[in-house]
Amino acid sequence: MFIVNPKSGTSSKKGFDGVVTKTLNGELFDWRIVRTEYAGHASEIASQCVADGIDICVAVGGDGTVNEVARSLADSETALGIVPCGSGNGLARHLCLPMSMKGALGIINQCTTSRFDYGVINDHPFFCTCGMGFDAYISMKFAQSGKRGLATYAKMVLSEGMKYKPVGYEVTLEDEGGTHHHFDAFLIACANAAQYGNNTYIAPGASMQDGLLDVIVIEPFKGIGGPKVLMDLMLKSIKSNHHVKTFQARHLHIHRPEAGAVHYDGDPIVMGTDIDIAIKPCGLKAIVNPKTIEDKSQPARIVQAINQLIVHHA
């Protein structure tokens with residue numbers, strides 16, 4: 001089953017049906033293509049796929065569509081497939097899937113599956129990252145902007161980063177007997193996969209098969225520290241930044257002084273002062289690239305664009 005969100009992402013889905021007909025192995029698969037009609041529809045269709053015993057349910061859209069489909073497939077034998085058509089494509093990139101329709105369908109033809117961990121934040125499943133603080137604040141702004149893509153995101157980060165006030169967080173590691181920590185943080189991110197999307201690596205060493213969340217705390221910084229953090233995210237060097245603390249956990253509880261935005265896989269939502277985050281090992285079956293060659297589409301032009309933005313805002 002292909003679940004197509006006609007409104008999500010930045011890539012046009014015109015001609016998708018024809019690409020499927022030409023590319024998908026008709027001797028191996030029977031298939032249907034359905035298009036979503038409202039928010040939450042992808043999740044409903046995916047749930048029905050599980051009930052009907054569909055082997056593979058393919059999300060055709062951006063990270064929000066992937067999350068909708070994947071959360072309905074969690075803890076089932078129906079495998080998630082992805083044809084990435086979004087602005088970030090975080091999970092698709094982590095799974096080393098091609099960014100083209102034809103290439104992604106070629107991976108589905110090979111029908112190689114594996115099982116992966118997923119996370120839960122206050123009962124909301126996530127598959128790449130969740131977080132609070134500045135990244136959730138920017139996710140809310142980004143969702144409201146009407147414009148997608150890395151350039152829009154980078155401009156927001158640079159323009160809003162200097163104005164954002166850090167928050168005090170009380171973090172309890174439940175899987176270490178309740179070990180308690182206090183952080184004054186710009187943001188706290190919990191990563192199951194390596195990146196937010198668009199090859200922006202919040203947790204370069206994260207694994208979706210180790211039963212652990214990578215927790216990243218970015219502490220307050222001034223001046224050029226903001227653009228430096230952004231560059232480190234792009235260059236996979238965030239852990240070496242002296243404003244960053246990292247650790248791993250299976251289960252953590254975070255208390256903050258006020259309710260506010262959090263995000264899960266980039267989708268922003270308002271939550272209260274107490275936030276519970278845990279990993280669910282091996283709960284998602286997904287189509288993978290058997291060659292497991294990581295996508296290397298972070299071109300020099302992206303780094304050049306970030307440098308230009310830094311100069312502009314300096």
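Summarising the label geometry, the points placed 7 Å from Cα in the beta-carbon direction at residue 163 and residue 181 lie 3.1 nm from one another. Once backbone amide H atoms are built at 1.01 Å from N, residue 126 has 119, 120, 121 as its partners under 5 Å, excluding neighbours fewer than 5 places away on the same chain.
Here residue 137 sits with roughly 80 square angstrom of accessible surface, probe radius 1.4 Å.
Close amide-amide hydrogen proximity is noted between residue 112 and 288, each under 5 Å apart and 5 or more residues distant or on a separate chain (H modeled in the peptide plane; Pro and chain starts excluded).
Straight-line reach from residue 163: taking Cα to Cα under 21 Å and skipping same-chain neighbours fewer than 8 places apart, the lysines in range are 141, 155, 222, 228. Heavy atoms of the protein chains alone define the surface here; on that basis the range 29-123 has 37 Å² accessible area per residue at 1.4 Å probe size. Taking amide H positions as modeled 1.01 Å from N, with prolines and chain starts lacking one, no residue 5 or more places away or on another chain lies under 5 Å from residue 267. Extents of the chain, largest first, come to 58, 47, 36 Å (Cα atoms, principal axes, whole angstrom).
In order along the range 220-234, phi translates into HN-Hα couplings of x, 9, 10, x, 5, x, x, x, 5, 4, 4, 5, 5, 4, 6 Hz, rounded to whole numbers, per the Karplus curve 6.51 cos²θ - 1.76 cosθ + 1.60 with θ = phi - 60° and x for Gly and Pro. Atom-type composition of the exposed protein surface of the chain places 52 percent of the accessible area on carbon and sulfur (1.4 angstrom probe). Bridge orientation summary for the range 1-145: considering DSSP beta bridges with both residues in this region, about 20 percent are antiparallel.
The values are calculated or read from the model by the stated rules, or taken from the named source; none is laboratory data. Keep in mind that this is a model prediction, so the values were computed, not measured. Virtual Cβ from ideal backbone geometry, glycine too; neighbours counted across all protein chains shown. These accessible areas exclude ligands, DNA and RNA; they are computed on the full protein's heavy atoms, side chains included. Shrake-Rupley method; radii C 1.70, N 1.55, O 1.52, S 1.80 Å.
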